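The values are calculated or read from the model by the stated rules, or taken from the named source; none is laboratory data. Treat the numbers as computed from the prediction; the structure is a model and nothing was measured. Counting neighbours? That spans all protein chains shown, and the Cβs are built from the backbone with ideal geometry, glycine included. Remember, those area values only see protein heavy atoms, side chains included, never the ligands or the DNA or RNA. Shrake-Rupley method; radii C 1.70, N 1.55, O 1.52, S 1.80 Å.
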Amino acid sequence: MNDLNLTGLESGSRSVGASAVETLRAKLKGRLLQPGDPSYDEARTIWNAMIDRKPGLIVRCADAGDVVHAVRFARDNGLLLAVRGGGHNIAGNAVCDGGLMIDLSQMNAVRVDAAAMRAVVGPGATLADVDRETQAAGLAVPTGINSTTGIAGLTLGGGFGWITRKFGLTIDNLVSAEVVTADGEIVRASASEHPDLFWALRGGGGNFGVVTSFEFKLHKMGPEVLAGLVVHPFSDAQAILQQYREVVATAPDELTCWVVMRQAPPLPFLPEEWHGKEVLILAMCYCGDIEAGQRATAALRAIGKPIADVVGPSPFAGWQQAFDPLLTPGARNYWKSHDLTKLPDAAIGVLLDAIRALPGPECEVFIGHVGGAAGRVTPDATAFPQRSAHFVMNVHTRWREASDDRSFIAWARQLFDAMKPHAAGTAYVNFMPDDEGGRVETAYGGNYGRLAAIKKRYDPGNLLRLNQNVKPA
């Protein structure tokens, strides 16, 4: 057996003895994969097709013990370390070139205790896994809007979606976490155990350890909500956005409405002549009583003269999957994002100019409205800092050919730059691409200093640095 040349922490070559690799393999309950092994390419392939990296070793973990062995092996051999949960993150930090990749996708169990209103969730679970088990008991935890997203990355970055205004961010519902630290020890983080680590995990990303189990509090909700789309001609977009911002300013917590601007996909309820034309879509969800929801959504549905209105009672788990067909794996993706405290006319003008110049049929801009319960938490209560009622703009550029990379990315960056005068300065780290490392400190605002101090305590060598990295103080 030959020794392996793997990538080290500072991207230097490290020689690792083949016997050491075999010793690691023997310790694992899961599988150790190397280039050429069956399942190797499957394990290294993630949602964003722009990311094509080849780890020297992949540990497909079966339990927390496997994570301990993998972390210690990477640490002891000075290897670059990547951690994959759902593999959905835009930046592609789940996979590295050379080095060692921890693959948590097999650890996807979801256990619901309906009496205690708690769920224990493995780090490889997707939002679909969580929704399936919690909704079977008429319970829910607030997560995101795409069911193939991994719960681990979503949670560690904050987590917001259709029911955040009613029940808070995903991190606001985190009760505890089992964590493998950078020194290979298993600890439990909660309000009473390692409280500084627990604070940092709630929004600080994967900087502080590898979470091997999440415990969430649950809420009674569903299984049915009032949800759906109202599709408008893009020619009416300015007036619609002006009315939209007024209506959502006084919306009840149960109601969330987001704006999507793009070329209309061939949805069955849209007349064929609208397919491929620019449209503005109001996507809404009311997570309370259906009759109350009809009243609460009436003002939004009365705006303008829509092409189609398909808002109605829907299984919540189904609504969580409504956008999945537009976000399937295999495409090239690049995002740029801003937090916006307001949506002034000048910002609306910038957005409309950009939509008129969309570079491709799969590109879109969405405006998410956040607030409600999530806004009634102080900015320093968790690592996630942006707690005021606000909008999140995400510029989602999506295409198929590598030859189009430059033009599509340039369009996203141009819109991002043009919106800077209207931005709050903070950012949602889960929406940041891999070229925004210099923005991390600004994204966390006044919480960054505390994060850096906690990083120094739990990972002074910055072993866990393939993320939106907080450097040790």
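Between residue 116 and residue 424, the FRET efficiency estimated from the beta carbon spacing at R0 = 56 angstrom works out to 0.90.
The alpha-carbon positions of segment 170-235 define a convex hull whose volume is 143 Å³ per residue. Here the accessible area of the chain is 50 percent carbon and sulfur, with a 1.4 angstrom probe and all protein chains present. Stretching residue 434 away from residue 52 to a fully extended chain increases their span by 136.2 nm, per 0.36 nm per residue minus the current alpha-carbon distance. For segment 301-439, rounded, prolate or oblate, judged on the Cα gyration tensor with a ≥ b ≥ c (square roots of eigenvalues), a/c < 1.5 rounded, else prolate if a/b > b/c? Judged from the Cα gyration tensor, segment 301-439 comes out rounded (a/c under 1.5). Spatially, segment 153-176 and segment 378-405 are offset by 15 Å when compared through their Cα centroids.
What the Cα convex hull of segment 1-118 gives, in volume per residue, is 123 Å³.
Over the Cα atoms of segment 74-120, what is the Rg over Rh ratio if Rh follows Kirkwood? Numbers along the way, then the final one.
On the way: Rg = 15.2 Å, Rh = 12.8 Å.
Rounded to two decimals, Rg over Rh is 1.19.
First check a/c for segment 375-473, with a ≥ b ≥ c the square roots of the eigenvalues of its C-alpha gyration tensor; if it is under 1.5, answer rounded, and if not, answer prolate when a/b is larger than b/c or oblate otherwise. Note, shape of segment 375-473 comes out oblate. Calculated accessible area for segment 309-368 comes out at 36 Å² per residue, all protein chains present (probe 1.4 Å; ligands, DNA, RNA ignored). Peptides 193-203, 345-355, ordered by how many other C-beta atoms sit within 10 Å of their residues on average, highest first, read 193-203, 345-355. Stretched out straight at 0.36 nm per residue, the stretch from residue 345 to residue 400 would grow longer than its current Cα-Cα span by 16.5 nm.
Measuring with a 1.4 Å probe in the full set of protein chains, what accessible area per residue, in whole Å², belongs to segment 417-469?
That works out to 42 Å² per residue.
Across segment 22-82 the C-alpha pair distances fall into 5 Å bins from zero in the proportions 4, 18, 27, 26, 18, 7, 2 percent.
Based on the Cα gyration tensor of the chain, what are the three equivalent ellipsoid semi-axes, each the root of five times an eigenvalue, rounded to whole Å and given largest first?
On the way: eigenvalues 281, 120, 87 Å².
Ellipsoid half-lengths, sorted descending, are 37, 24, 21 Å.
Average accessible surface for segment 1-88: 46 Å² per residue, computed with a 1.4 Å probe over protein heavy atoms with every protein chain in place. Restricting segment 1-44 to GluC sites (Glu not before Pro) that sit in a DSSP loop and have at most 14 other Cβ atoms within 10 Å of their own Cβ leaves 10. Cα-based values for segment 146-287, radius of gyration first and Dmax second, are 19.8, 60 Å.
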